[in-house]
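Working notes, beginning with the structure itself.
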Amino acid sequence: MRRVAVTGIGIVSPLGHTAAELFDAARNGRSGVHRLDIAGAERLTAPLAATVQFDSSAFFEPARERLLDRVSQFAVVAAARAFADARCELTDHERGHAGVFLGTGMGGTLTVDDGYQTLYGEHSDRTHPMMILKGMHNAPAAWIGIEHGLRGPNLTYSTACSSSSVAIGEAWLRVAYGTLDVAVAGGAEAPLSLGSLKAWGAMHTLASVDTADPASSCKPFAKNRSGLVLGEGAALVILEPWERATARGATIHGELIGYGLTTDAGHIARPSLDGQAAAMRAALAAACISSQEIDAINAHGTGTQANDSVETAAIKLVFGERAPRIPISATKALHGHLLGAGGALEFVLSLLALKNNVALPTMHLKIPDPECDLDYVPNVARGGAAGRTMLSNSFAFGGTNAVLAVRAVH
Amino acid sequence: MTTTDRIRAMLVKDYKIDPDRLTSDARLEDLGVDSIGVAELMFNIEDEFRVTLPDEQVRLSTLGDVVNYIDTLVARQESAPEKPTAVAGTVLGTGMGTGMVNTRPAS
């Protein structure tokens with residue numbers, strides 16, 4: 001097996017457009033969640049979201065811009081930023097083999113929502129000719145491949161909230177086992193259509209509005225947590241073999257050392273203690289390390305009743321008596337739940353936490369829950385606490401659990 | 001306004017193309033409107049000119065080609081209004097030629 005370096009980071013997020021902006025907001029607890037102002041917002045029980053400030057015309061020629069759903073625009077911009085960050089000039093031969101691994105939960109749902117509004121809302125037969133090409137789940141990955149001429153595997157993973165952790169993990173497998181030398185991997189999501197928000201609301205999984213401070217509506221691991229807040233954005237990383245990265249003098253952000261993947265095969269929506277614990281153990285096994293070597297965890301930490309208590313129990317199962325001494329961060333309180341891009345954004349935050357040796361805070365955790373009694377780094381970042389090795393957890397509806405193990409360079 | 005003026009106005013407004021480049025012999029692909037872009041352009045032209053693209057293949061490579069095609073369609077549909085058929089403009093894959101528009105699925 002080969003060691004795998006992360007040499008590029010590209011971000012389009014509610015907390016900023018660079019790794020530095022993202023980390024600064026996460027460390028200082030600045031929330032990207034706000035009241036949502038879209039057409040029809042008054043029909044939502046809890047009109048909240050973490051949105052991205054994004055002017056697509058700044059990045060695309062108009063003729064191209066019109067062909068890309070917002071999710072593809074996010075993906076293409078984040079991938080370009082990742083390649084620029086990696087200073088990774090590929091030869092034609094390298095592009096012929098380089099891969100794209102992208103997670104998305106809802107694909108081009110904005111396009112699909114618009115199309116159905118035309119068809120059912122306006123009773124018009126003027127279905128837009130780009131509806132399929134903009135709406136299909138593999139469009140974001142395809143456009144990244146087209147933009148950079150990447151002709152190796154171009155794969156889209158859709159395992160709901162773990163999609164982009166799966167994408168990064170599957171890319172890692174190929175790079176680690178020597179079948180691929182360069183991969184751009186991560187996730188993109190633009191789920192904030194009225195139809196999507198109504199559907200999520202109907203599941204009773206969305207947080208209610210904290211009227212005193214809407215930005216603090218998502219409260220992972222708190223007793224008064226009421227659900228998740230949807231977010232949008234993209235996060236892509238460049239993975240390459242350690243030797244290749246060092247040989248070309250690349251800046252290495254961190255090392256991806258393991259990937260655990262398990263499936264609950266139980267309930268479609270209720271998280272499984274055993275499935276989550278097995279995924280963390282599988283990541284440790286893939287990394288060939290013991291649980292003793294994990295210094296901190298980026299939790300899935302959605303802020304729903306079910307996830308946070310089960311994840312707490314799963315961490316206790318894996319780490320035993322050490323569990324209360326491991327700093328656990330739930331950054332979704334700030335950037336929202338990016339669904340198919342969430343794992344990738346949190347993987348990046350884990351890299352940055354390690355790089356800066358700062359355990360990121362779990363914000364809005366004012367009222368502890370007896371069922372969630374671990375160290376969630378409540379409300380204030382903790383310097384010197386991220387250590388050297390972290391897990392980044394992603395658990396999904398459908399039961400796909402993906403955990404990435406990441407190690408600092410220092 | 002002539003057909004040319006109206007299509008030029010659409011390309012300036014929606015595609016932000018420099019009006020000086022919009023000559024009759026300008027190739028659509030050179031203007032940044034490739035084969036799938038043409039399908040989208042024709043969809044918008046249907047709205048602008050209140051015509052319905054028939055289920056037939058046409059090769060539209062230049063701005064002049066588009067203008068001539070629309071003029072022909074408008075004349076044909078004004079003299080004998082066609083019952084609207086399927087929505088036109090489905091994109092064709094590679095190998096079908098730039099600017100070719102068809103209503104049949106490509107794959």
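The values are calculated or read from the model by the stated rules, or taken from the named source; none is laboratory data. Treat the numbers as computed from the prediction; the structure is a model and nothing was measured. Note: ideal-geometry Cβ built from the backbone for every residue, glycine included; neighbour counts use all protein chains shown.
Can you tell me which residue in the stretch A:113-125 is farthest from A:Leu338 (Cα to Cα), limited to those that are in contact with a helix residue (DSSP H, G or I) (Cβ under 6 Å, 6 or more places away or on another chain) and within 13 Å of chain B (Cβ to nearest Cβ)? Filtering the stretch A:113-125 for residues that are in contact with a helix residue (DSSP H, G or I) (Cβ under 6 Å, 6 or more places away or on another chain) and within 13 Å of chain B (Cβ to nearest Cβ), the one farthest from A:Leu338 (Cα to Cα) comes out as A:Ser124. Filtered by the rule that a residue be part of a loop (DSSP other than H, G, I, E, B) and either outside the structural domain of A:Gly303 (by TED's automatic domain parsing) or closer than 11 Å to A:Lys355 by Cα (or both), the stretch A:370-389 gives A:Gly384, A:Ala386, A:Gly387, A:Arg388.
Residues satisfying the criterion are absent from the stretch A:341-351 (criterion: modelled with pLDDT under 95, touching a Leu at 6+ places or on another chain (Cβ under 6 Å) and closer than 28 Å to A:Phe74 by Cβ). The condition of being over 17 Å from the mean Cα position of the chain (by Cα), of a type outside the set (D, E, K, R) and within 14 Å of chain B (Cβ to nearest Cβ) holds for only one of A:Leu110, A:Leu90, A:Leu67, that being A:Leu67. Working only within the stretch A:257-303, note down all residues that are in a loop (DSSP other than H, G, I, E, B) and surrounded by 24 or more Cβ atoms within 10 Å (Cβ to Cβ). Listed by number, the residues that qualify are A:Pro271, A:Ala299, A:His300, A:Gly301, A:Thr302, A:Gly303.
When every residue of the stretch A:38-50 is checked against the conditions, none turns out to be buried (at least 18 other Cβ atoms within 10 Å of the Cβ) and either within 14 Å of another protein chain (Cβ to nearest Cβ) or among the hydroxyl-bearing types (Ser, Thr, Tyr) (or both).
Taken over the stretch A:113-146, the criterion of being in a helix (DSSP H, G or I) and either under 22 Å from the mean Cα position of the chain (by Cα) or among the basic types (Lys, Arg) (or both) is satisfied by A:Lys134, A:Gly135, A:Ala139, A:Pro140, A:Ala141, A:Ala142, A:Trp143, A:Ile144, A:Gly145. When each of A:Ala160, A:Ala171, A:Ala139 is tested for being within 14 Å of chain B (Cβ to nearest Cβ) and aliphatic (A, V, I, L, M), the lone residue that passes is A:Ala139.
Looking only at the stretch B:24-51, residues that are at negative phi, facing chain A (nearest Cβ under 10 Å) and not in a helix (DSSP H, G or I) come to 3 in all. Filter the stretch A:220-256 down to the residues that are under 18 Å from the mean Cα position of the chain (by Cα) and either in a helix (DSSP H, G or I) or of a type in the set (Val, Ile, Thr) (or both), then identify the one that is farthest from A:Pro140 (Cα to Cα). Here the residue is A:Val229.
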